[in-house]
Amino acid sequence: MGAAPYGRENVHGDGDGKRDGDRRAGPDGSRTGRAGADPGLFGPGSVTWQCHGDPIMWIAGVRALYLQALHPRAVRGVMANSDFRQDAWGRLLRTADFVGTITYGTTEAAEAAGARVRKIHRMLSATDPATGDRFPLDDPELLLWVHCAQIDSFLHTLRRSGVPLTAAQADRYVDENRTNARLVGLDPAAVPATTADLAAYFDEVRPRLAAGADARAVDDFLRSPPVHPLLVPGRNLLWRPLAELAYGSLPAYAHQLYGRPARAPRGVTRRLRLTGLVLRSIPAGLRWQLPPGHILRAMRRMGPGSRPSTHALRTSAAILDRPGRVAHDNGGGSRTWLSPD
């Protein structure tokens with residue numbers, strides 16, 4: 001698949017995807033960072049900064065793994081070049097570290113993280129399970145799929161779990177994260193810039209998706225990851241329900257490809273909202289103490305006004321959204337979610 005233009009260049013106007021003048025401003029326009037501090041590639045003025053500190057992102061990450069595994073070449077590339085079955089936890093943590101670095105790290109740290117990823121991908125290849133052809137891991141088609149599956153999963157899980165993103169804020173989130181795409185080697189102009197672009201991309205790529213042996217191996221791992229025998233009860237009690245929730249939040253076609261059912265959409269939405277409430281009730285200062293500590297370092301660099309919070313999005317809705325949308329958008333983006341009943 002060739003790179004398909006999505007109709008506009010990077011609307012923020014510079015190479016890192018943000019105007020220098022607005023990265024320290026909060027979503028409501030207030031100043032949130034110390035003068036002279038490096039806000040990184042996003043900064044407190046972005047929707048991404050406010051959202052990526054939300055604990056529901058862990059479930060969103062698992063959903064992204066499920067979705068990404070449905071592209072036969074993409075998942076083959078992972079299986080052929082990593083010890084996924086033995087080091088899947090490590091892979092998940094490294095992905096979280098990368099997302100944390102590019103969201104909350106300095107500009108230098110984010111650019112260095114992107115350069116490392118591009119270097120690794122340039123050196124690796126795999127064999128297509130259907131044709132036997134060799135392909136590089138930095139194939140733009142594969143990079144675009146991984147990016148879109150990740151951004152769709154992050155945005156979908158945030159909104160469906162109750163984060164009050166308006167339609168304009170959701171579009172801004174998709175647009176902002178074209179910066180991530182640039183870091184891994186994609187041309188931002190060939191990456192979806194709005195939620196409509198993202199939906200059109202999935203419509204176009206869907207016929208090429210399948211759940212082969214590699215995808216089923218990912219499914220098996222996510223349902224029952226290997227742990228020490230003494231930890232099996234804890235895995236079954238804590239991990240398995242969260243993994244099933246991530247699986248349940250996938251689109252219906254993904255359930256069909258995997259060949260196993262999921263809860264009804266309304267039930268999944270209720271559980272996501274309840275899980276979001278429980279996770280958000282854990283004090284952020286406690287959650288952010290866990291490694292790798294990107295958010296706390298960013299707050300020390302930028303000042304206390306840079307503290308990420310999805311509550312900041314409520315105060316900015318009237319600024320970011322179009323007239324008439326704020327009062328009517330419940331963040332779900334689908335009538336299936338309008339009521340938890």
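The values are calculated or read from the model by the stated rules, or taken from the named source; none is laboratory data. Please read these numbers as outputs of a predicted model, since none were measured by experiment. Neighbour counts run over all protein chains shown; Cβ positions are idealised from the backbone, glycine included. Surface areas here come from the heavy atoms of the whole protein model, side chains and all, with no ligands, DNA or RNA. Shrake-Rupley method; radii C 1.70, N 1.55, O 1.52, S 1.80 Å.
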* To the nearest Å, what is the center-to-center distance of the range 95-147 and the range 230-252, using C-alpha atoms only? -> 27 Å
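Test of understanding: what is the full-extension gain from E204 to I120, defined as 0.36 nm times their sequence separation minus their Cα-Cα distance? It would help to have the intermediate numbers written out before the result.
On the way: separation 84, 0.36 × 84 = 30.24 nm, distance 2.82 nm.
Result: 27.4 nm gained on full extension.
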* Between V227 and E141, what is the FRET efficiency for a Förster distance of 35 Å, r being their Cβ-Cβ separation, to the nearest 0.05? -> 0.50
* Nearest 0.05, what FRET efficiency do R314 and L290 give at R0 = 30 Å with Cβ-Cβ as r? -> 0.70
* What's the carbon and sulfur percent of the range 142-197's accessible surface, probe 1.4 angstrom, rounded to a whole number? -> 54 percent
* Convert each backbone phi in the range 97-102 into a coupling constant with the Karplus relation 6.51 cos²θ - 1.76 cosθ + 1.60 (shift: θ = phi - 60°), then list the ³J(HN,Hα) values in order as whole Hz, x for Gly and Pro. => 5, 5, 4, x, 5, 6
* Per residue value of the accessible surface for the range 133-180 (all protein chains in place, 1.4 Å probe), Å² -> 22 Å²
* Asked: Counting only the backbone N, which residues of the range 221-251 are under 16 Å from the spot 7 Å out from the Cα of L274 toward its beta-carbon?
  -> 237-246, 248-249
* Given R₀ = 25 Å, FRET efficiency for R297-L93 by Cβ-Cβ distance, to 0.05? -> 0.90
* To do: Ignoring everything but the protein chains, give the 1.4 Å probe accessible area of D203 in square angstrom, nearest 10.
  => 110 Å²
